[in-house]
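S.K.: Encoded as structure tokens, here's the structure I'll be asking about.
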Amino acid sequence: MFRRNAFIALAALAAACTTMGPGANPSAVANLEATKGNGVTGKVTFEQRADGVHVHASIAGLAPNTEHGFHVHEKGDCSSGDGMSAGGHFNPDGKPHGPQSGEHHAGDMPSLVADAYGNASVSFVLKGVTIGGAGPDLVGRGLIVHRDPDDFKTQPTGNSGPRLACGVIVRT
């Protein structure tokens, strides 16, 4: 009887370890707060998986039916009122700015598209970056929503305009 109960307890413990604690996929979150004079807020989650970092963003307060540049920036600092304290795009490999389909900064991400209510929700996978891993690490970086669409051509910023919201990517 003792052996059977011990086996059941060990099996339950092993099952719990597959969903919690060490071995779980590394994850992070950024809570976006509006820069001075703006009303954009949101939450962005990041989860490391075998095929890349899965990103889920939910943003509110954008102008209705508009497109916005969305980038990871080099510094996890949102202390300035305009978001400029987050520095430039996260680009540890010195690549040109561009879309995910070609050469691009580690911090280049797909644009956000707001609906008729000024909300944007998007999910995508980033390749070549990590959450606390050996590759370019997103943790501790700034996350910026820009006013204008990203043209994915203009160097080094994509001509995305002023920064509407800033957040710091922190490990969860």
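The values are calculated or read from the model by the stated rules, or taken from the named source; none is laboratory data. Computed from a predicted structure; not experimentally measured. Cβ: placed from backbone, ideal geometry, glycine included. Neighbour counts: every protein chain shown.
S.K.: Mind telling me which of the residues V129, V145 ends up being under 23 Å from S27 (Cβ atoms) and touching a His at 6+ places or on another chain (Cβ under 7 Å)? Let's see the steps before the verdict.
M.R.: Values: V129 fails: touching a His at 6+ places or on another chain (Cβ under 7 Å).
Of the residues listed, the single one that is under 23 Å from S27 (Cβ atoms) and touching a His at 6+ places or on another chain (Cβ under 7 Å) is V145.
S.K.: Could you figure out which of (1) over 15 Å from V55 (Cβ atoms); (2) surrounded by fewer than 16 Cβ atoms within 10 Å (Cβ to Cβ); (3) in contact with a Lys or Arg (Cβ under 8 Å, 6 or more places away or on another chain) isn't true of G98?
M.R.: Only one criterion is unmet by G98, namely (2).
S.K.: Does G94 fit the bill of being part of a loop (DSSP other than H, G, I, E, B) and in contact (Cβ under 8 Å) with a residue 24 or more places away in the chain? Break it down stepwise before answering.
M.R.: On the way: part of a loop (DSSP other than H, G, I, E, B): yes; in contact (Cβ under 8 Å) with a residue 24 or more places away in the chain: no.
Answer is no for this residue.
S.K.: Name the residues in region 30-73 that are surrounded by fewer than 16 Cβ atoms within 10 Å (Cβ to Cβ) and of a type in the set (A, V, I, L, M), would you?
M.R.: Matches in region 30-73: A50, A63.
S.K.: List the number of the failed condition for G76; all other conditions in (1) within 15 Å of the chain's Cα centre (by Cα); (2) at pLDDT 95 or above; (3) surrounded by fewer than 18 Cβ atoms within 10 Å (Cβ to Cβ); (4) of a type in the set (G, A, S) hold.
M.R.: Just one mismatch for G76, condition (3).
S.K.: Restricting to region 55-91, give me the number of residues that are part of a loop (DSSP other than H, G, I, E, B), out of contact with any Ser or Thr (no Cβ under 7 Å at 6 or more places or on another chain) and hydrophobic (A, V, I, L, M, F, W, C). Can you show your working first?
M.R.: Within region 55-91, the subset part of a loop (DSSP other than H, G, I, E, B) is 61-66, 69, 74-83, 87-88, 90-91.
Filter again for out of contact with any Ser or Thr (no Cβ under 7 Å at 6 or more places or on another chain), leaving 62-66, 74, 76, 80, 87-88, 90-91.
In the following step, the residues that additionally are hydrophobic (A, V, I, L, M, F, W, C) were identified as 62-63, 90.
Summing the residues that are part of a loop (DSSP other than H, G, I, E, B), out of contact with any Ser or Thr (no Cβ under 7 Å at 6 or more places or on another chain) and hydrophobic (A, V, I, L, M, F, W, C) in region 55-91 gives 3.
S.K.: Quick test for you: out of G107, G118, pick the one residue that is at pLDDT below 95, among the small types (G, A, S), closer than 20 Å to N31 by Cα and surrounded by 16 or more Cβ atoms within 10 Å (Cβ to Cβ).
M.R.: Working: G118 fails: at pLDDT below 95.
Unique residue meeting the criteria: G107.
S.K.: Follow-up. Kindly provide the set of residues from region 123-172 that are in a strand (DSSP E or B), surrounded by fewer than 17 Cβ atoms within 10 Å (Cβ to Cβ) and among the small types (G, A, S), ordered by number. Please lay out each step first, then the result.
M.R.: At the first step, the residues of region 123-172 found to be in a strand (DSSP E or B) are 123-126, 130, 137, 142-146, 163-168, 170-171.
Restricting the remaining residues to those that are surrounded by fewer than 17 Cβ atoms within 10 Å (Cβ to Cβ) gives 123-125, 170-171.
Selection gives S123 alone.
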